[in-house]
Structure formats: structure tokens, C-alpha cells
Amino acid sequence: MKVLLVILLTIFDSIPGVELVQDSTVAVLLEQAIHGEREMVEIDGYRVQIYSSNQQQTAKSEALELEARIKEKVDLTVYVQYLPPFWKVRLGDFRTYEEAKEYKKIFVQAYPNMIGDTYIVRDKIQVLQ
């Protein structure tokens, strides 16, 4: 099964006019599937922040509501963080700024009403090692 998946991805990737778009986590998961279990570690990286508020009465509930809505629509991990005094919602685990920038572009095309609240931020990210 693992070998078949790798072969299929290789075939699709080599077809002219076909572009595979995938989260960087997919490559890591494929590597894990091929070579066995790996450990999750935190490293410096980037996330796409889509919400930040310090409004005491509403920020937590707004962040959790946004998390629930976005989780249904994106294939990335959605993180809700409380970094006093701000509640934040961030997407993904991107190793490079360029990966985060590309995802941000796709995200704001899909959700143009969120463009003003969407930023690339440095963060500790979760990756398999």
C-alpha cells in the first residue's frame, strides 16, 4: 500500500499540466509511512494567523467558533492559542516562510472577507522527526 501511494504520487507529479498542491505535512507523513514511526517535535516555523482579539467578553468564544467553522473547511491543523491578553487562531505547521505565504494566498482567495485579519507569523510548529 505504501509503495503504491508513492508510485501514484510520482506518476501524478510527472504529468505535464498537473500540479500537486499539498500541505508540507503530507510529505512528512508519507516519509513516516514508508520508513516507520517518528517522534513529534517542536521547531521554529510559521503559521497563518486568521484571528486575534483581546476583547475580554467575546474573544474566547469567537476564537473557538472560528476554529469549529474552519476545521470543516481546511486540511490543516487549526490552533487556538491564548497568549495573554490575546486569543488567536492560527493554521498549519509551515517550515518556511514561502510555504506559509503560498497557503495564505490560497486562504484569502477562498475567504476574501478575512484578508485584513490574515498574517504570517513565526511560531513553534509541530513536525515529525
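Which condition from (1) out of contact with any strand residue (DSSP E or B) (no Cβ under 7 Å at 6 or more places or on another chain); (2) open to solvent by 60 Å² or more (accessible area, probe 1.4 Å); (3) free of Cβ contacts under 8 Å to residues at least 12 places away in the same chain is the one that T58 breaks?
T58 satisfies all of (1) out of contact with any strand residue (DSSP E or B) (no Cβ under 7 Å at 6 or more places or on another chain); (2) open to solvent by 60 Å² or more (accessible area, probe 1.4 Å); (3) free of Cβ contacts under 8 Å to residues at least 12 places away in the same chain except (2).
Based on what the data block shows, is R122 open to solvent by 60 Å² or more (accessible area, probe 1.4 Å), over 23 Å from E62 (Cβ atoms), under 11 Å from the mean Cα position of the chain (by Cα) and among the basic types (K, R)?
So R122 fails the test.
Taking only the stretch 61-94 into account, find how many residues are in contact (Cβ under 8 Å) with a residue 24 or more places away in the chain and part of a strand (DSSP E or B).
10
In this structure, is L91 in contact with a Leu (Cβ under 9 Å, 6 or more places away or on another chain) and at pLDDT below 95?
When the stated conditions are applied, L91 does not pass them.
The values are calculated or read from the model by the stated rules, or taken from the named source; none is laboratory data. Keep in mind the model is a prediction, meaning the values are calculated, not measured. Ideal geometry is used to build each Cβ from the backbone, glycine not excepted, and the neighbour counts take in all protein chains shown. Please note that ligands, DNA and RNA were not included when accessible areas were found on the heavy atoms of the full protein model with its side chains. Shrake-Rupley method; radii C 1.70, N 1.55, O 1.52, S 1.80 Å.
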